[in-house]
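Undergrad: Below you will find the structure I want to go over with you.
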Amino acid sequence: MTELIRLTAAELSSRLQDKSVSAVEATQAHLDQITAVDTDLHAFLYVAADAALATAARIDARRAAGEELGPLAGVPIAIKDVLTTLDMPTTAGSKILEGWVPPYDATVVRRLRAADLIPLGKTNMDEFAMGSSTEHSAYGVTRNPWDRDRIPGGSGGGSAAAVASFQAPLALGSDTGGSIRQPAAVTGSVGVKPTYGAVSRYGAIALASSLDQVGPVSRTVFDAALLHDVIGGHDPLDSTSLTDAWPSMAAAATAGLKDGALKGVRVGVIKELSGSGFQAGVTQRFTETLALLTAAGAEITEVSAPNFEYAVAAYYLILPAEASSNLARFDSVRFGIRVDPAEGSLTSEHVMAATREAGFGPEVKRRIILGTYALSTGYYDAYYGSAQKVRTLIQRDFAAAFDQVDILVSPSAPTTAFKFGEKLEDPMAMYLNDITTIPANLAGVPGMSIPIGLAPEDGLPVGLQIMAPARADARLYTYGAAIEQLLEATWGHTMLDQAPALALATTAKGAI
Amino acid sequence: MAKPELMDYDKALELFEPVLGFEVHVELNTKTKMFCGCANEFGSGANTNTCPTCLGLPGGLPQVNHKAIESSIRLGLALGCEIAEHSRFARKNYFYPDTAKNFQTSQYDDPICHDGSLTIELESGRLVTVEIERAHMEDDAGKLTHMGGSTGRIQGADYSLVDYNRGGVPLVEIVTQMIEGAEHDAPEIGRTYVAGIREIAKALGVSNARMEEGNVRCDANVSLRPRGSKVLGTRTETKNVNSLRSVERAVRYEIQRQAAVLHAGGTITQETRHWHEDTGITSAGRPKSDADDYRYFPEPDLVPMAPSREWVEELRLTLPEPPAARRKRLQADWGFANLEFQDVVNSDLMDAVEATVAAGASAQSARKWWTGEIARLANAAGVAADSLVQPAQLAALIALVEAGTLTDRLARQVLEGVIAGEGTPAEVVASRGLAVVSDDGALIAAIDEALSKQPDVLAKIRDGKLQAAGAVIGAVMKAMRGQADAARVRELVLERAGTAESGSVE
């Protein structure tokens, strides 16, 4: 059974298709792993064991009946708790939504079900996706499978930890400023933030509407591509959804495995996303990867993106502004918890205030206050207005860079996973951890994080961020798969194989 | 609440100059709501026309109703507005339980329509051009019902119920520029302007335009400034005035109330006010400062709109004749006196009369039937007159009367048959056997019999007292069961009386 959970989604899929493994067996194996390790890791907020097994049995029956099923049919998946699900509570990591079961599925969830993937449960996250460590979840932290005293990244720490600890081969995340890519980087997994508008946001509980994007989390680039193909594409329910006809991301990833896939590829290294503030081991692995790329025939150029300097500042005006409005609906009237005030009359205003006071955590309140302030008359132009101008400048920086190169690269995060509590009391330090990932959200371009080794000083995973022009998501998969293949050939194993302690720990836990 | 002092209207106008402004909300009659696929329907069970989007559930997202944009542009064009080349939605942030998202999706600095005007004609014949600043799109709020209190108002209620069926229904808000120089006509300008908007919305077919159902709602802004002053006074905004007459009354009331306050040395509070239909007064709502901070920002969940010039021009071609021009034309064509024409307009029967005339009837007959017998039957049945009978059927009926086949009395019976679904007027005449008896022989026999039974009447007629013939005519009509032309009977009675004198009657 432990063998089954270590398969990639693609490998599991072929075993399911040749019927050497049933969906029930695959699902049970992952549920067993959840039982074994998740009491400790706490990647999941909710596990739908019975529903998952029932779904798996139905899929097995259909396969036995000779029905033609999709490539990921029968493959289990974990779903970030920011996505609405009909049959599972959806809390977005917040107390204010405790126990809420939505009356509808998010579009991406609907597409997962239509493609016969098996939802295992909902994964932990920073409350309303506000955070880079999953420490802001109202339901307790998620531990990093590589070092349980460290954060798994955030906000999607639950999805990344679930995949990295073999509790699920695939997961869904959402990325507003790095919430898919940074957790992937610090857990040694793969995460993709697609082009803004490539994947529907309908049913994704909004943090910042103009920045949010749903995307895949996995252990390999090809697996992420398979999942991207399932969830991507136009959705009339999301007005910002692009109507493009998209190429197959799986085919793009496969194309990257061909010999010489990196020959002549122009790779831009962003000057502003390196140097001081970056951990030595992170810079070292990043530099080594560039050397590998050069050896494989890629042309490395340094490019400058002068306005990236202002990205974090602009982001922390735009995000709170939109969030303050998006979170206004949490008022106790139609859904979620209701808290009556200790004193005073039970007017809707008093009940709403008491509910929001009790239901929102400190980081959420901080951002609502920041955003309300930034949108206020007299401050709008100076804050929100200026931030939007910075956003335009950053888009221009990207446009100018992509005139010179095919892809841009940087470390996915300035550091490896930090310890719990290390940045909790210093919001600025926490915010600055997103410096590498935020520009892609501000410009709407796609970004991917893939593991590129362990930092020598702490033995923790380091990620490479690859960015492509808007709509060129396929390019990420092609070059991401190529670089992944190159690294694994160099190492002689996969990234997660480099964590014997994790393998031992899971096996030991599994034996309990 | 104590009734506030009011100043005599004429005196108020002597001392102060009223300045007006109107915000009219027109609810569009699209099949679905502004930002989701829920039915836009009045009278459904509470909260049945709802979905994650219009309920403001976590994860819900808006989708623009293109028909609503089309209707808004047509409304804007009919009001002479410019149609913006680039327009976008904005969030108006405020907390209220009838607003599911706790923000209204509206428009702020890029409204879809701007800079138009509407010229209205007052009863005196005075023409007033009301400048329109903008017409923008937004979604409506849900409906609150306050339970447990005696007044039905929020004060004193135990709890409130929310029905989100109306939440998300598309609205166009039409905002006027400041209206100066209204003078004594201020109340009538309010009524006539709102009537004009309502009429245009109806003619365009973009709204059901029923004020009693809240399809058209008016917020009336009124301020006064002392004669000779250039400085604007403090305004009040009387919200949700729901009938034309109420608009007129509310404006007049505010002028009289504000004049009394100002004249007594008081100040006007900038506030919203509620109109009370029953007592005919306004009462203070919430204070409204110009600094109310709605924290507007562009709606990030919707993409900006760029209505193409070609599309706008196509839509311009779909505009009907402006209602005011159409009224003038029809009154002239039909040759109606003002009162006759007003009667048709007020009964909402202009379309019906026009169609009946088009089907061949004379304008006067069409008017007489629609505003007379048909209106009476409709009134009794509690339905709209134009729902009772097709104009073509009425035209056919009128033709039968004019051909002498039916008397007015018989025609009313035929009309009943037509309304009862018995067929065309000709078919009802045939099946009910209602045609006029035009056989003089049968009539003469009946007349001779009647005259012989009433020799005194015969004597009177012979004495030249022709009105005495009525008794005989009545008897003959009765014998003919009404199916005779009374005029012809009268002719024959006089003729036979004369003949009788010559001795043919015993």
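Every number in this text was worked out from the coordinates using simple rules, so none of it is lab data. Not measured: the values here are computed from a predicted model. Cβ placement follows ideal geometry from the backbone for every residue including glycine, while neighbour counts extend to all protein chains displayed.
Undergrad: Give, as a single signed number, the net charge of other residues whose beta carbon lies under 13 Å from the beta carbon of A:P216, with Lys and Arg counted +1 and Asp and Glu -1.
TA: Numbers: positive: A:K80, A:R111, A:R181, A:K193, A:R219; negative: A:D175, A:D223, A:D229, A:D473.
It works out to a net charge of +1.
Undergrad: Taking the Cβ-Cβ separation of B:E183 and B:E277 as r and a Förster radius of 22 Å, what is the calculated FRET efficiency to the nearest 0.05? Don't skip to the end; give the middle numbers.
TA: Details: r = 26 Å, r/R0 = 1.19.
Here the calculated transfer efficiency is 0.25.
Undergrad: Same structure again: Report, ordered by chain and residue number, the lysines lying within cross-link reach of B:K478, taken as a straight Cα distance under 28 Å and ignoring same-chain residues fewer than 8 apart.
TA: Once the sequence-local lysines are set aside, what remains near B:K478 is B:K368, B:K453, B:K460, B:K465.
Undergrad: For a Förster distance of 60 Å, can you work out the FRET efficiency between the beta-carbons of A:D340 and A:A291, rounded to the nearest 0.05? Don't jump to the answer; show the numbers that get you there.
TA: On the way: r = 63 Å, r/R0 = 1.05.
So, using R0 = 60 Å, E works out to roughly 0.45.
Undergrad: Continuing with this model, one more query. Check the straight Cα-Cα distances from A:K19 and name the aspartates and glutamates below 15 Å, setting aside those fewer than 8 residues away within the same chain.
TA: Reachable aspartates and glutamates: A:E11, A:D60, A:E67, A:E68.
Undergrad: Let me ask something additional. With point charges of +1 on the Cβ of Lys and Arg and -1 on the Cβ of Asp and Glu, referenced to the Cα centre of chain B, which listed residue (B:S106, B:T269, B:T30) lies farthest in the positive direction of the dipole?
TA: Looking along the dipole axis, the top candidate is B:T269.
Undergrad: Within a Cβ distance under 10 Å of A:D126, other residues only, what is the Lys/Arg minus Asp/Glu net charge? Mind dumping the intermediate values first?
TA: Working: positive: none; negative: A:E127, A:E135, A:E363.
Taking every other residue near A:D126 into account, the sum is -3.
Undergrad: Span-like helices, chain A: DSSP H, alpha-carbon axial extent 24 Å or more, mean Kyte-Doolittle 0.0 or greater, which ones? Each step should come with its number before you reach the end.
TA: Numbers: long enough: A:23-41 (26 Å, 0.07); A:386-404 (28 Å, -0.35); A:473-491 (27 Å, -0.04).
Taking the DSSP H segments of chain A (at least 24 Å long, mean hydropathy at least 0.0), we get A:23-41.
Undergrad: Oh, and also: What shape does the stretch B:47-162 have by the C-alpha gyration tensor, where a ≥ b ≥ c are the square roots of the eigenvalues, rounded means a/c under 1.5, and otherwise prolate means a/b greater than b/c and oblate the rest? Let's see the in-between values first.
TA: Values: a/c = 2.85, a/b = 1.44, b/c = 1.98.
Cα axes put the stretch B:47-162 in the oblate bin.
Undergrad: With each pseudo-label sitting 7 Å past Cα toward Cβ, what's the B:A381-A:H234 distance in nm, one decimal?
TA: Result: 4.8 nm between the two label points.
Undergrad: Treat each spin label as a single point 7 Å out from the Cα along the C-beta direction, and report the B:D10 to A:A399 distance in nm.
TA: For the pair B:D10/A:A399, the computed spacing is 6.9 nm.
Undergrad: Computed FRET efficiency, Cβ-Cβ of B:L319 and A:A49, R0 45 Å: what is it to the nearest 0.05?
TA: Values: r = 63 Å, r/R0 = 1.39.
For B:L319 and A:A49, the calculated efficiency is 0.10.
Undergrad: Normalised by the residues of chain B, what does the relative contact order come to in percent, with Cα pairs under 8 Å and at least six apart? The partial results should precede the final answer.
TA: Numbers: 910 pairs, mean separation 70.2, N = 506.
Relative contact order, chain B: 14 percent.
Undergrad: Which Rg and Dmax, in Å, describe the Cα atoms of the stretch B:440-504?
TA: Looking at the stretch B:440-504, its Cα Rg and Dmax stand at 10.4, 30 Å.
Undergrad: Next question, about the same structure. Using Cα pairs under 8 angstrom and six or more residues apart, how large is the relative contact order of the stretch B:213-293, in percent? The partial results should precede the final answer.
TA: Values: 124 pairs, mean separation 21.8, N = 81.
So the answer I get is 27 percent.
Undergrad: Please enumerate, by chain and number, the lysines with C-alpha under 16 Å from the C-alpha of A:K365, excluding those fewer than 8 residues away in the same chain.
TA: A:K95
Undergrad: For B:R74, what charge total do you get from the other residues with a beta carbon under 11 Å from its beta carbon, if Lys and Arg give +1 and Asp and Glu give -1?
TA: Numbers: positive: B:K67, B:R316; negative: B:E70, B:E314.
It works out to a net charge of 0.
Undergrad: Between the stretch B:440-472 and the stretch A:361-430, what's the alpha-carbon centroid distance in Å?
TA: Centre-to-centre distance over Cα atoms comes out at 106 Å.
Undergrad: Whole angstrom only: what separates the Cα centroid of the stretch A:250-292 from the Cα centroid of the stretch A:199-248?
TA: 24
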